[in-house]
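What follows draws every value from the coordinates through simple rules; no lab data is involved. Remember, it's a predicted structure, so these values are computed and weren't measured experimentally. With ideal geometry, Cβ positions are generated from the backbone for all residues, glycine too; neighbour counts draw on all protein chains shown.
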Amino acid sequence: MVDVSTPTKWALRILALGYIFFLVAWPVALVVRETFSDGLTTLTDALSDDQVTGALQLTLMIAVWAVVINLVFGVSISLLLVRYEFPGKRVLSALIDLPLSVSPVVVGLALLLVYNGRSGWFGPGIESTGYRVIFDSPGMIMATCFVALPLIIREVVPVLHEIGDDQEQAARSLGANAPQTFWRITLPSIKWAVVYGVVLSLARSLGEFGAVKIVSGNITGRTQTATLVVEAKYQNFQQSEAYATSFLLIFVSIACLIVVAFLRPKNEA
Amino acid sequence: MSIDITGLNKTFGDFVALDDVNVSLPTGQLTALLGPSGGGKSTLLRIIAGLDTADSGTVSIEGVDATKLPPQKRNVGFVFQHYAVFKHMTVAKNVAFGLEIRKRPKEEIAARVDELLKLVHLSQFSHRLPSQLSGGQRQRMALARALAVEPTVLLLDEPFGALDAKVRKELREWLRRLHDEVAVTTVFVTHDQEEALEVADEIVVINEGRVEQVGSPDELYDQPANDFVMSFLGEVTTLGGASLRPHDIEVATAPHSAGAVEGSISRMLRIGFEVRLTVLTVDGDEVAVVLTRTHARSLGLTEGATVWLTPANGATVIPSMRASLAG
């Protein structure tokens, strides 16, 4: 390591700590303080409000579906990108990064254009079978899937590259077929990358706002997720409930990170 | 014959890896595929295992046409240069893998794993993870894992290539003894001619995607089919228009025999018990000569001395064209 002079060391520490403090720690701490300024009453009030509990349940349902769908597709696409050569591979790889660069509001609008019940490309066809996509949970799950899509893939792809396919070939030569090789060799090797991807996706899915706001129609008590409730409550001057809901969202995110930190074995990078 | 290969071709883009390869590898023997890097020997091994597919040609193993079979149906054991250990499994679990896939009874698996770990001297490490083993131990574990499924043929792709020189030499001797014990048809790839000469019953020399010669180590060394085989199996020099080994040249300090080539020693290099001379002949050729330290001392050789060179009795001598000796 390069030797850094003591004043430089302190300057760097203060810079990093200051940046994180003013940008992350302080604002989050204020939300927590506002939530508990009257003891637990704000939280219990919020949790006895049907609008909030309904939104929390909906958020959880949508996030879990989105994570499960992204898990299956994310791992399959990662394997496809790393283990196989095919025309259009670079285009596919670039498209996967698109959700990171496109604003979620645009994603919402795009889904609305394709699936809305009146003039969308597929919308009327789907609605004639008695199934609604837009202004209902399928559309909200799709929007959430879209924004969280790259998270699992970007965790898993580098690990797949790193482990190479030697172990898979060895398994094949020992008599394992493709599914056996996947379950016994590939999956255990990428386990931690998948767990990280899932946690990141879950956190991202719980917090999604823009895309979901557009496709859900933001109908109170029906298609309003936790983040939408925070906005609605805040604009209705019910700040304390907004803070309490925000606190719950922060709490789940931090809990996810802590769980992973404990689960992860110490010797694995 | 255990493995029959006919008319095998394989290209990677413009690169011809295998060019109409026909070869039969005998049952129960230890065969070396020897050749320079990029010569196609690993590709041939991987095609036998089913890990790569040939563009054309057939592979049959013990009389069964295996050309179209996936690797898991060929019943071959494969050992990789970089071990390819299952990192998340213990040594015992690694060895048991093939048997568990075959759904053998638990007691049978445990007994077989025990027996194999004894064979490769890893019994006391059975509960360790591969990351806690040295390179040589990992490769022995990989061998036990491949042997566990009782393969028809055992294929080893530069098995000792990633190990340091000393471990390499030990494992090489150990592989020979192991093969004498287990007697499974074994094919291993190497670019080290010493390894091939020491360990193999039969050597297949492969260069630029073609088989140059097939034979026992003695046959190859004594009767090389061409300049390439001659030069690949050991050092070669030219004396009076013929190729021969530097240690097959006799040095005299006086012109005893007719036909001896006169020259002067331009360089003398001692390495341990060995002395290497560079002799500049009166015809202007540079000849490399190797003799023992004791022999050189008894002749009283020094740099600048005049010597007479003749091929030794019984030396392998083939008429040469200098240009083709580059390899």
Using only Cα atoms, locate the centre of the stretch A:23-53 and the centre of the stretch A:163-238, then give the distance between them in Å, rounded to an integer.
26
Percentage of Cα-Cα pair distances in the protein assembly as shown greater than 34 Å, rounded to whole percent?
62
Taking Rh as the Kirkwood radius, which is the inverse of the mean 1/r over Cα pairs, what is the Rg/Rh value for chain B?
1.08
Between the stretch A:68-141 and the stretch B:52-79, how far is it from one alpha carbon centroid to the other, in angstrom?
42
Which FRET efficiency value, to the nearest 0.05, do you get for B:T292 and B:A225 by plugging their Cβ-Cβ distance into 1/(1 + (r/R0)^6) with R0 = 25 Å?
0.25
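Would you mind giving the mean number of other chain beta-carbons within 10 Å of the Cβ of each residue in B:93-100, as a whole number?
If you average over the peptide's residues, the count of other-chain Cβ atoms is 3.
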Pairs A:K89/B:K87; A:K89/B:K93; B:K68/B:K166: which exceed 32 Å Cα-Cα?
A:K89/B:K93; B:K68/B:K166
Rounded to the nearest Å, what's the spacing between the alpha carbon centres of the stretch B:127-199 and the stretch B:263-292? Just the number, please.
38
Site A:E231, offset 7 angstrom along Cα→Cβ, radius 13 Å on amide nitrogen, limited to the stretch A:90-114, gives A:104-109
Estimated distance in nm for a label pair at B:A165 and B:I318, the labels positioned 7 Å out from Cα along Cα-to-Cβ
2.9
What span do the alpha-carbon atoms of the stretch B:137-193 cover on each of the three principal axes, reported in whole Å from largest to smallest?
30, 23, 18
Across the alpha-carbon set of the stretch B:189-259, Rg over Rh with Rh taken as the Kirkwood radius works out to 1.08
Would you mind giving the mean number of other chain beta-carbons within 10 Å of the Cβ of each residue in A:163-172, as a whole number?
6
Among A:227-235, A:159-167, A:95-103, A:142-150, the order from most to least packed when residues are scored by Cβ within 10 Å on average
A:142-150, A:227-235, A:159-167, A:95-103
Difference of contour (0.36 nm per residue) and Cα-Cα distance, A:H161 to A:Q57
33.6 nm
What whole-number value in cubic angstrom gives the convex hull volume per residue for the C-alpha atoms of the stretch B:57-102?
107
Mind giving me the FRET efficiency for A:I219 and B:D55? R0 is 60 Å, r the Cβ-Cβ distance, nearest 0.05 is fine.
0.45
Please list the three semi-axes, largest first and in whole Å, of the ellipsoid equivalent to the stretch B:239-325, using sqrt of 5 times the eigenvalues of its alpha carbon gyration tensor.
20, 14, 13
Averaged over peptide B:47-59, how many Cβ atoms belonging to another chain are found within 10 Å of each residue's Cβ?
1
So for R0 = 30 Å, FRET eff. of A:F251-A:L187 from the Cβ-Cβ r, to 0.05, ends up at 0.50
Loop-only check: which trypsin sites (Lys or Arg not before Pro) in the stretch B:1-74 are DSSP coil with at most 15 other Cβ within 10 angstrom?
B:K68
As a check on your grasp of the helix formula, calculate [θ] at 222 nm for chain B: sum -39500 (n - 2.57) over DSSP H runs of n ≥ 4, divide by the residue count, round to the nearest 500.
-8500 deg cm²/dmol
Tensor-based shape of the stretch A:136-188 (alpha-carbon gyration tensor, a/c under 1.5 rounded, otherwise prolate or oblate)
oblate
Could you work out how far apart the two model spin labels at B:K118 and A:L113 are, taking each label as a point 7 Å from the Cα in the direction of the beta carbon, and quote it in nm?
7.3
Using packing as a proxy for protection, rank B:184-195, B:115-126 so that the peptide with the highest average count of other Cβ atoms within 10 Å comes first.
B:184-195, B:115-126
Can you give me the pair-distance distribution of the stretch A:50-263, C-alpha pairs, 10 Å bins, whole percents?
8, 28, 31, 21, 10, 2, 0
